[in-house]
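Since the structure comes first, as structure tokens, the remarks are kept for the end.
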Amino acid sequence: MEEICSRLVDFPLDIQTGKDARAAQSITIFSGITEKIFRILGQLNNQGYLSQADDEKPLNLIISEFGSIVRELLEAYEKNDSVLVGDLAEYEAAPRLQELYNSIINNSRKAAAQGKK
């Protein structure tokens, strides 16, 4: 997770310095990881590992915010707006991906500690 978040932070610089292959690879990796996270989310939810404490940001809100950023990223990419793509990758997608990952891990650990298997 740290590697892809780091690559997303570096994404604008990769675009600006002509490292198109690395930039494309970063988007491919990001897409693959995002797909896997959503498949894992479904499985964890089915098994009851995503129950959440009241004092935390709701997981469905985190997922919704992440989805919005991904849609904006896709729209910017389709418009060939490399500046916006870079900004969204660095300042929005990377931190939200990390937030989503951390929330899943924390919720899963809490559920496991409560004896859900």
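I'd like to verify something in the chain: which complete DSSP H helices, judged by Cα projection on the helix axis, reach 27 Å or more and average at least -1.0 on the Kyte-Doolittle scale?
Correct list, ordered by number: 20-46, 59-78, 94-113.
Treating the chain as a set of equal point scatterers at the Cα positions, no solvent, please give the Debye-formula log₁₀ I(q)/I(0) at q = 0.15 Å⁻¹. Log10 of I(q)/I(0), two decimals: -0.68. Each Cα pair under 8 Å and six or more residues apart adds its sequence gap; the mean of these over the residue count of segment 2-113 is a relative contact order of 44 percent. Among PRO58, PRO95, PRO12, which one moves the most in a GNM of the chain with springs linking Cα atoms closer than 10 Å? Its mean-square fluctuation being the largest, the pick is PRO58.
FYI, it's all coordinate maths here, none of it is from the lab. Since the model is a prediction, treat every value here as computed from it, not as a measurement.
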